[in-house]
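Asks: One structure follows; several queries about it will come next.
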Amino acid sequence: MLTGRRFRVEFTDEQAEFAERIGAACRAVWNTGLEQRRAYRHRGVWMNYAPQCKELAEAKTEHSWLAEVPGHCLQQTLKDLDKACREHGTFRVRWRSGRRWAPSFRFPEGNKMAVVKLNRRHAQIKLPKLGWVKFRASCSLAGEVIRSVTLAREGRHWFISVLVDDGRQRPETHPCPGNAVGVDRGVAVAIATSGGNLIDREFVTVGERRRVVALQRKLSRCAKRSTNGDKTRAALAAVRARERRRRRDFAAQAARQLAAVNAVVVLEDLKTKQMTKSAKGTLDSPGRNVAAKSGLNRAILAKGWHQFALALASAARYTGTAVEKVPAAYTSQRCSACGHVDPKSRESQAVFRCTHCTHTEHADVNAAKNILAAGLAVTACQDHPGPAGAARSPKQEPAGNREELLLQPTTAAPAA
Ligand SMILES: [Zn+2]
């Protein structure tokens, strides 16, 4: 299976300076390529990867700063640009700004790279034109086939991301075939499972929160585009990066735990990106409750809902776990014991008390049970052989009324 390994790079001063130059060249190629594509689109024609690549080769004979950096990285930049324009449209792809874009570039030919272990903590990899690059080998690459290598700077440090084929296969069956769990992602508690577990952790310490406030205050007093402003911004970014790493670590650990003991994990199908769209609105139609909505947006993003879904998909490949997604509607208002739907049952953020049967439970656990029931209803429908010749797409509504299936009193697999 393809997977990524990320290490902190220890460049020599010359290498670090050269890496900045490669990044700058890639940025210039991206922006020039994008400008050209936009100009072509204005005339109603298309510009593609192949002619741009040819022009890049010609430009290299004229400009020494283009010729000195690894050619594959520049080509890869054009390839990425091509993909971005195809996926999002030429006019939606952004410029790479010198102040906002952190340098990053990819070496696509992994089969030509040699990795040598230096000692217990360090190894080095040979990259085109950069030479031997030393990195902190926090895990071994032995026995894995390297596909490509990406170098990226984050704050002051450079990191190397190695795409490898680890040679492992997705198992046919899960070690615990009968186990299934529903997962509710919440704002107060990051992850609640249908088994009653509440999984969460703090991502920011009290001291860090205080430091962020102090730094923001300091930044507001700094002159625009000043050296002190840059320093403060870097310090702020460092605190935020630590928080981001903690969140990524939490998502990976929680996903691994759940995938290891469950053959089926059911999630709500949350459109995080649409849910957290800015509440500000436009000049013509300004939004309402902007402060409250932006606070909720921040809370949703702070819990890393999307990151958890990604981590779960990744962990599930190694255990053979099936990840199901079900519509999120009413999962927090339905009683998991009797199926009664009433918004008033949700007494408070944490407490659910059914207005019909007085069943009382943690609100998120109740929602997780509903999610599990909905997921099992969908899989039960899929398991039954359909009429001959009927194509079964995963998006297709299962046979029978899903509401009816959900309203059955038990949370176990309902008969379809
Ligand atoms: Zn009830």
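The values are calculated or read from the model by the stated rules, or taken from the named source; none is laboratory data. Computed from a predicted structure; not experimentally measured. Cβ atoms come from the backbone with ideal geometry, glycine included; neighbour counts cover every protein chain shown. Heads up: the accessible areas ignore ligands, DNA and RNA and are worked out on the full protein's heavy atoms, side chains in. Shrake-Rupley method; radii C 1.70, N 1.55, O 1.52, S 1.80 Å.
Asks: Of (1) in a loop (DSSP other than H, G, I, E, B); (2) at pLDDT below 70; (3) open to solvent by 70 Å² or more (accessible area, probe 1.4 Å), residue 386 satisfies all except one. Which?
Replies: So the condition that residue 386 fails would be (3).
Asks: Okay, moving on. Residue 59 versus (1) in contact (Cβ under 8 Å) with a residue 24 or more places away in the chain; (2) in contact with a Leu (Cβ under 8 Å, 6 or more places away or on another chain); (3) over 15 Å from residue 149 (Cβ atoms): which is the lone unmet condition?
Replies: (1)
Asks: So which residues in segment 239-293 are among the hydrophobic types (A, V, I, L, M, F, W, C) and assigned to a loop (DSSP other than H, G, I, E, B), if there are any at all? Spell out the reasoning first.
Replies: Applying the first criterion (among the hydrophobic types (A, V, I, L, M, F, W, C)) to segment 239-293 yields 239, 241, 250-252, 254-255, 258-261, 263-267, 270, 275, 279, 283, 290-292.
Residues satisfying the conditions are 263, 270, 279, 283.
Asks: Can you tell me which residue among 185, 244 is under 29 Å from residue 323 (Cβ atoms), open to solvent by less than 70 Å² (accessible area, probe 1.4 Å) and basic (Lys, Arg)?
Replies: Numbers: 244 fails: open to solvent by less than 70 Å² (accessible area, probe 1.4 Å).
Result: 185 is the single residue among 185, 244 that is under 29 Å from residue 323 (Cβ atoms), open to solvent by less than 70 Å² (accessible area, probe 1.4 Å) and basic (Lys, Arg).
Asks: If residue 197 meets every condition in (1) surrounded by 13 or more Cβ atoms within 10 Å (Cβ to Cβ); (2) in contact (Cβ under 8 Å) with a residue 24 or more places away in the chain; (3) farther than 21 Å from residue 130 by Cβ apart from one, which number is that one?
Replies: (2)
Asks: Hey, residue 97 hits all of (1) open to solvent by 60 Å² or more (accessible area, probe 1.4 Å); (2) farther than 17 Å from residue 4 by Cα but one; which does it fall short on?
Replies: That leaves (1) as the condition not met.
Asks: Ok, one more. Scan segment 66-77 for residues that are surrounded by fewer than 21 Cβ atoms within 10 Å (Cβ to Cβ) and under 13 Å from residue 50 (Cα atoms) and jot them down. Don't jump to the end; show me each part of the working.
Replies: Taking segment 66-77 first, the residues surrounded by fewer than 21 Cβ atoms within 10 Å (Cβ to Cβ) are 66-68, 70-72, 75-76.
Passing the criteria: 75, 76.
Asks: Looking at 254, 235, which one is in contact with a Leu (Cβ under 9 Å, 6 or more places away or on another chain) and either aromatic (Phe, Trp, Tyr) or farther than 21 Å from residue 301 by Cβ (or both)?
Replies: Details: 254 fails: either aromatic (Phe, Trp, Tyr) or farther than 21 Å from residue 301 by Cβ (or both).
Going through 254, 235 in turn, the sole match is 235.
Asks: Can you confirm whether segment 251-265 contains a residue that is surrounded by 15 or more Cβ atoms within 10 Å (Cβ to Cβ), farther than 19 Å from residue 197 by Cβ and assigned by TED's automatic domain parsing to the domain that holds residue 321?
Replies: Within segment 251-265, none of the residues are surrounded by 15 or more Cβ atoms within 10 Å (Cβ to Cβ), farther than 19 Å from residue 197 by Cβ and assigned by TED's automatic domain parsing to the domain that holds residue 321.
Asks: For segment 289-301, which residues satisfy the criterion of being without any contact (Cβ under 8 Å) to a residue 40 or more places away in the chain, among the small types (Gly, Ala, Ser) and open to solvent by less than 50 Å² (accessible area, probe 1.4 Å)?
Replies: Filtering segment 289-301 for residues without any contact (Cβ under 8 Å) to a residue 40 or more places away in the chain gives 289-295, 297-298, 301.
Adding the requirement that they be among the small types (Gly, Ala, Ser) leaves 291-292, 294-295.
294, 295 - these are the residues of segment 289-301 that are without any contact (Cβ under 8 Å) to a residue 40 or more places away in the chain, among the small types (Gly, Ala, Ser) and open to solvent by less than 50 Å² (accessible area, probe 1.4 Å).
Asks: While we're looking at this one, here's another question. Where residues in segment 277-320 are basic (Lys, Arg) and at pLDDT below 85, which of them is nearest to residue 176 (Cα to Cα)?
Replies: Step one: list which residues in segment 277-320 are basic (Lys, Arg), which gives 277, 280, 288, 293, 298, 303, 317.
In the following step, the residues that additionally are at pLDDT below 85 were identified as 277, 280, 288, 293, 298, 303.
Values: 277: 39, 280: 47, 288: 48, 293: 41, 298: 37, 303: 29 Å.
Step by step, filter segment 277-320, then rank; the result is 303.
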